[in-house]
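Report on the structure given below.
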Amino acid sequence: MKSIINMPWISHEIEVFDSTDPTLTGITGIVIDETRRTIAVRTPKGVLTLAKDTINFRIGGEEIIGQYVGQRPEERIGKRYRRA
């Protein structure tokens, strides 16, 4: 089975566990859209657009460093990533 990093993230639960902006840490919600540099998340307070390069997040229990996934979703699906 492929890692969640190589799968589409739309409709998955996301949790921001670290950010260069402390106000973004702790945000949880459902991914509703993804672009090359952003992730749109539906939270109880509304829709937030988060910059990938400023956050580290969890999807499906897997921790992802946002600055490493700064490409379009269709390009990310076939890419190979090194494990930290």
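Taken together, the values in this text are just the output of simple stated rules run on the coordinates, not laboratory data. Bear in mind the structure is a predicted one, so any value in this text is a computation, not a measurement. Glycine gets a Cβ as well: all are built from the backbone with ideal geometry, and neighbour counts include every protein chain shown.
Work out, step by step, the length gained on full extension between Gln71 and Arg42: first 0.36 nm times the residue separation, then minus their alpha carbon distance; give nm to one decimal. Intermediate values should be presented prior to the final figure.
On the way: separation 29, 0.36 × 29 = 10.44 nm, distance 2.11 nm.
Length gained between Gln71 and Arg42: 8.3 nm.
Rank the residues Ile59, Ile64 as a footprinting-exposure proxy: fewest other Cβ atoms within 10 Å of their Cβ go first.
Least crowded to most crowded, the residues run Ile59, Ile64.
Non-local amide H neighbours of Asp33 (under 5 Å, H modeled in plane, Pro and chain starts lacking H): which ones?
Here Ala40 satisfy the definition.
Starting from the 7 Å offset along Cα-to-Cβ, what nm value, one decimal, do you get for the label separation of Thr23 and Thr54?
Modelled inter-label distance: 0.9 nm.
Work out from phi, with θ = phi - 60° and the Karplus expression 6.51 cos²θ - 1.76 cosθ + 1.60, the ³J(HN,Hα) of each residue of region 44-52, listed in order in whole Hz, and give x for Gly and Pro.
x, 8, x, 8, 10, 9, 10, 6, 4
Once phi is turned into ³J(HN,Hα) by the Karplus curve 6.51 cos²θ - 1.76 cosθ + 1.60 with θ = phi - 60°, what whole-Hz value does each residue of region 17-27 show in order, with x for glycine and proline?
For region 17-27, the Karplus curve yields 9, 7, 7, 6, 9, x, 6, 8, 5, x, 5 Hz.
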